[in-house]
Each structure stands twice: as C-alpha cells, then as structure tokens.
Amino acid sequence: MFEDEDFDDYFEEEQDRKAAVEKYETMLKAHNSVYFDSEEFEYIIDHYTEQNELKKSRQAVEIAMAQHPESNLLKIKEARQYLLENDAQRAFELLQHIDRDEEEPDYFLTLGSCLALLGKSKEAIENYCSALPYFDEDEKFDLYNAIAYEYQRLEKYDLALTFYMKALPFANEHDTIYHEIRCCFMSARRDEDAIAFFQKLIDEDPHNSKAWASIGDCYRMKGMYEESIDPYEFALSIDPTDLWTNTHLADIYYDLGRYKESIDTLEEALRNGVETSMIRAALGDCYYRLEDLQTAEENFHKAVEINPMIGSGWAGLGYVLSDRGQSQKAIRFFKKALELEPWETDYLYSLAAEYRTLNDMETSMRYLREIQEMTPHDPDAYYYIADLYGAQDKIDEAINTLVYGLQQTDNDSALLFLLSYAYFVKGCKSQGLETLDRALDVDFEAYSDFLEFDRELLANDVEIMALIHQHSQNQDQTPKPSDDLPF
C-alpha cells in the first residue's frame, strides 16, 4: 500500500505524464513544433514503450534527441529503444558515448541488458549488481532474476540459486521462478536438494499446488515417472485448472502406455473449463493409440479449430488418414504440419513413409535425406535410408549408408544388426558374421528382432545361430531357446 505522501507523489507524476502525452499528441496532429523539457520526453517515451508502440516511441526518441542532444537520460532511453528493436550492438555502442553517471541506475540496467543480449554474462552481472543499491528490496525482483539468469547461463548454478531465492519472496506468480529454481538444482545434479526445497514449501503451505507440481516435475526430469504421479495428482486436487500440471500428468500416463488414464486426466481438465488446442491434440493422440480413429479424428479437428497453427493437430489428422489407407490426403496434412513446425522430424518421417507407400521412392528418399541433414547423429535416419535402398535391391548403397551412419552414431546397435543382415543378403558371410558379433556385444537381446529380418535366411544358418549361442553364454539371462536357438 502507498503511504499518503507516496500516493501524492505517484498521483502527481501520473498527471504530469498524462499532460505531457496529450501535449505531444496535439503537436503531432497540428504538424507543428513545440518545445518539451527532457523530463516530459522521458514520460512520453515511457508511455509508448509501455504500450509496446515502438514506432511511436522511436519517433518520440528522435524528436527528443533533436531538442536535447546532450541529455544522458534521453540517450539511455534511445539505447533502450534500440534494445526493444533487437539491436543490442547499436545500443551498446551508444552507451559507450554517454558520460557515466554513478547516480543513475538506468545506465547500469540498460548496459547490463545490452551485455546480456550480446552474450557477455559476466559483464552484465557486474552492471546489474551496480544498479542494486539504488532500489528498495521489494523493487529488486526483476534485477535479482536477471542476475540469476546470467549466472545460470554461465553454469554457476549455486550462485543462480542464491539470486532466485532472493527474488522468490517478491514473485507475484510462481510458475516461472519455480521452473528456474528446479532447473538449477537439476543441472547442478542436486536432485534431492530440489525435492527437499519444494517439500519445505509444502510443509509451510500444504495448499501450494505449484510446489506439488514442481516435485512432480523433478521426478519426471529424473525419469521416475511412477513417482511423479502422486505429486501431480495432489497439485490438481488443489488447482484442477492448472494447464501445465494437467498436460504433464497426461504425458506421464501416455509415456507409461496408460492411455485411458491419460484420457481421464485430459477430460477432467475439459470438465474444469480448461480447453486448449494442446489438450485436444493430446486427447486425439491417446485415442489414436487405442485405435479409436473416429474419436481421435474428432479431437484433432477440434484442436485445429481452436488453433489453426498447431502442427500436431494437422499431423494427427494425417495419421488417421494414413491408417485408413488414404495416403494422398494424409500427405497434405503432414505437409501442413511441417509448414507450421519445420523442425519436427516426425512429420518428415511420416511424409517419407507415405511416399514409400505410394511407391514414390525418390520423394521418400528426399525427405529422409532432409532428416539426415537436420540430425546427422540420429541413427534412425540412416536406418530408414538403408531400408529404403534395400527395398529397391540397392544393397551396396544400403551398406555404404550404414557404414557411414555407424561412424556418425558411435556404433548404434540397430544399424549394426541391419548392416549384418545386408552383408548376408549380399553373400558376404564373413563380414556379416563379424558385424553380427559387434552387434551382439552392444545389445544381445535384440538378436530376436534381427532374426525377424528374414527367418529363412538367418535362423536356418548354423554359423549365425552358433554365434548367437556363444554370446548367450555371457548373458545373465538366457534367451528363449525354444523359438530361436538350437539348445
């Protein structure tokens, strides 16, 4: 709350600001020139930047600098204008020509922001810290956050946590700062400290739904999906409208293959008035996994109705059409999804698969090559390229692809097994056995999938089965002999 004196000062400043803006806009409408003092220009520029009207604030800055070319405060406003226009370098250069005023915190704040955007975190921190003494404790939230973020970029997580903790008592909402605190703990490999921190918040306030959700997030980030369920459930019992928690709990159930429970979570969110394109797309995905194509299609349609820019909704419709054997229509939807989210390689794989179904191997290969360029260390791209060559009886091209892929992926076991099979198909038995030996060393249990490539060729070969038998002796768990191995 304002004290009476503070309120009077605030009210007077707001009146001055309003008067300055009205006077300025009257001048513009009359197309004439009127003198303003520098403080009036500060009010005018701040008014437009707060409204995010950058063209108007740019015009005001230029008029202000023409009338007051020596004003340091207006030069700082000009530097801030460049920052808002995403030109940090120009802002930085301008600040170098300003007489440094040790009593002006805006100088340090603006220079700190420039340095942060230019990737100079250490220098940014120094300037932010120089500004700290000029603010009351309850005014330092943004500054503490900015310092913490730069320490986070420097991977000095303990120092980042120190400043996030200073900011925490003044946070109006906790989603973002809890997220950053959690990331710092986890990045510093202080997993248990993260859980203990949020548990302490819950002990102080058992109805802190964000803290409960943060514990769920900690377990999820550790891959402990089952353990994350209860904290998420507690969070939703307190705040059933929390979109973040609803979607994360649904994702957990989805990743565990518990699609009906994922659906229950998402539909509960809908009943509580939380309907987004993301929730509809996730519902569509769950129903698709349960092979309920009609309900999946309905939810994907609702997703794109809510937000036509959601790629997963368009892709979901493509998957439904693909399963119905309508490849040409599916392709149109996958292309729409890719147009909206060009980084999603899943859509490229889907396009490659549909063109292969249509026997358009050239186009299919083009999409797979695009994936290879985007993710040169992903074994899947090499696997599917080689498989496509194999489908065209281009065994040498398949082998060359796999050999190169193994160099890029540190001997991926799936590529080794496929290369071994390619050698056997070509009749290069010694190379096939040598490669199979390497593959079994990396992932013995995948031998059964390997045999399914071509049971007649592979499972009936005595040397292949003997090599698998030999590797089985070194395993803690003996494979099922009745189906595959002669022992």
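The values are calculated or read from the model by the stated rules, or taken from the named source; none is laboratory data. A quick note: this is a predicted structure, and the numbers were derived from the prediction, not measured. As a convention, Cβ positions derive from the backbone with ideal geometry for all residues, glycine included, and neighbour counts pool all protein chains shown. Calculation scope for accessible area: heavy atoms of the full protein, side chains included, ligands and nucleic acids excluded. Shrake-Rupley method; radii C 1.70, N 1.55, O 1.52, S 1.80 Å.
So which residues in the range 425-453 are surrounded by 14 or more Cβ atoms within 10 Å (Cβ to Cβ) and under 22 Å from Ala391 (Cβ atoms)?
Val425, Lys426, Cys428, Gln431, Gly432, Thr435, Leu436, Ala439, Ala446, Phe450, Leu451, Phe453
Working only within the range 349-377, note down all residues that are open to solvent by less than 30 Å² (accessible area, probe 1.4 Å) and polar (S, T, N, Q).
Within the range 349-377, Ser350, Thr363, Ser364 qualify.
Determine whether Ile125 is touching an Asp or Glu at 6+ places or on another chain (Cβ under 8 Å) and open to solvent by less than 50 Å² (accessible area, probe 1.4 Å). Walk me through it before giving the result.
Values: touching an Asp or Glu at 6+ places or on another chain (Cβ under 8 Å): yes; open to solvent by less than 50 Å² (accessible area, probe 1.4 Å): yes.
Considered against the rule, which asks whether it is touching an Asp or Glu at 6+ places or on another chain (Cβ under 8 Å) and open to solvent by less than 50 Å² (accessible area, probe 1.4 Å), Ile125 comes out as yes.
Would you check if Asp380 is farther than 25 Å from Glu456 by Cβ and surrounded by 15 or more Cβ atoms within 10 Å (Cβ to Cβ)?
Working: farther than 25 Å from Glu456 by Cβ: yes; surrounded by 15 or more Cβ atoms within 10 Å (Cβ to Cβ): yes.
So Asp380 passes the test.
What's the total number of residues in the range 400-421 that are part of a helix (DSSP H, G or I) and surrounded by fewer than 22 Cβ atoms within 10 Å (Cβ to Cβ)?
Taking the range 400-421 as the starting set, the residues that turn out to be part of a helix (DSSP H, G or I) are 400-409, 413-421.
With the extra rule that they be surrounded by fewer than 22 Cβ atoms within 10 Å (Cβ to Cβ), the set shrinks to 400, 403-404, 406-409, 413-414.
Total satisfying the criteria: 9.
Answer yes or no as to whether Ser187 is touching a Phe, Trp or Tyr at 6+ places or on another chain (Cβ under 6 Å) and among the polar types (S, T, N, Q). Let's see the steps before the verdict.
Working: touching a Phe, Trp or Tyr at 6+ places or on another chain (Cβ under 6 Å): yes; among the polar types (S, T, N, Q): yes.
Yes; evaluated as a whole, the condition is true for this residue.
Tell me yes or no: at least one residue of the range 3-18 is open to solvent by less than 50 Å² (accessible area, probe 1.4 Å), among the hydrophobic types (A, V, I, L, M, F, W, C) and either in a helix (DSSP H, G or I) or modelled with pLDDT of 90 or more (or both). Before you say what the answer is, go through the steps one by one.
Restricting attention to the range 3-18, the residues satisfying the condition of being open to solvent by less than 50 Å² (accessible area, probe 1.4 Å) are 17.
Filter once more, so that each one left must be among the hydrophobic types (A, V, I, L, M, F, W, C): none.
Checking the range 3-18: not a single residue is open to solvent by less than 50 Å² (accessible area, probe 1.4 Å), among the hydrophobic types (A, V, I, L, M, F, W, C) and either in a helix (DSSP H, G or I) or modelled with pLDDT of 90 or more (or both).
Could you list, ordered by first residue, the pairs with Cβ atoms under 6 Å in which the first is in the range 14-36 and closer than 18 Å to Gln51 by Cβ and in contact (Cβ under 8 Å) with a residue 24 or more places away in the chain and the second is part of a helix (DSSP H, G or I) and open to solvent by less than 80 Å² (accessible area, probe 1.4 Å), at least 6 apart or interchain?
Arg17/Tyr43; Ala20/Glu40; Ala20/Tyr43; Ala20/Ile44; Val21/Ile44; Val21/His47; Tyr24/Ile44
Being of a type in the set (Asp, Glu) and not in a helix (DSSP H, G or I) narrows it down to one of Asp393, Asp387, Asp380, so name that one. Quick ask: steps written out before the conclusion?
Working: Asp387 fails: not in a helix (DSSP H, G or I); Asp380 fails: not in a helix (DSSP H, G or I).
Sole residue among the options that is of a type in the set (Asp, Glu) and not in a helix (DSSP H, G or I): Asp393.
Would you confirm whether any residue within the range 90-103 is in contact with a Gly (Cβ under 7 Å, 6 or more places away or on another chain) and without any contact (Cβ under 8 Å) to a residue 60 or more places away in the chain? Step through it out loud before you land on a result.
From the range 90-103, those in contact with a Gly (Cβ under 7 Å, 6 or more places away or on another chain) are none; that's our starting set.
Checked against the condition, which is being in contact with a Gly (Cβ under 7 Å, 6 or more places away or on another chain) and without any contact (Cβ under 8 Å) to a residue 60 or more places away in the chain, the range 90-103 yields no hits at all.
Looking at the range 159-218 only, could you name the residues that are within 22 Å of the chain's Cα centre (by Cα), buried (at least 19 other Cβ atoms within 10 Å of the Cβ) and of a type in the set (Gly, Ala, Ser)?
Ala160, Ala194, Ala211, Ala213, Ser214, Gly216
Considering the range 50-67 alone, what residues qualify as being within 20 Å of Glu93 (Cβ to Cβ) and open to solvent by less than 60 Å² (accessible area, probe 1.4 Å)?
Looking only at the range 50-67, we keep the residues that are within 20 Å of Glu93 (Cβ to Cβ), and these are 54, 57-58, 61-62, 64-66.
Residues satisfying the conditions are Leu54, Ser57, Arg58, Val61, Ala64, Met65.
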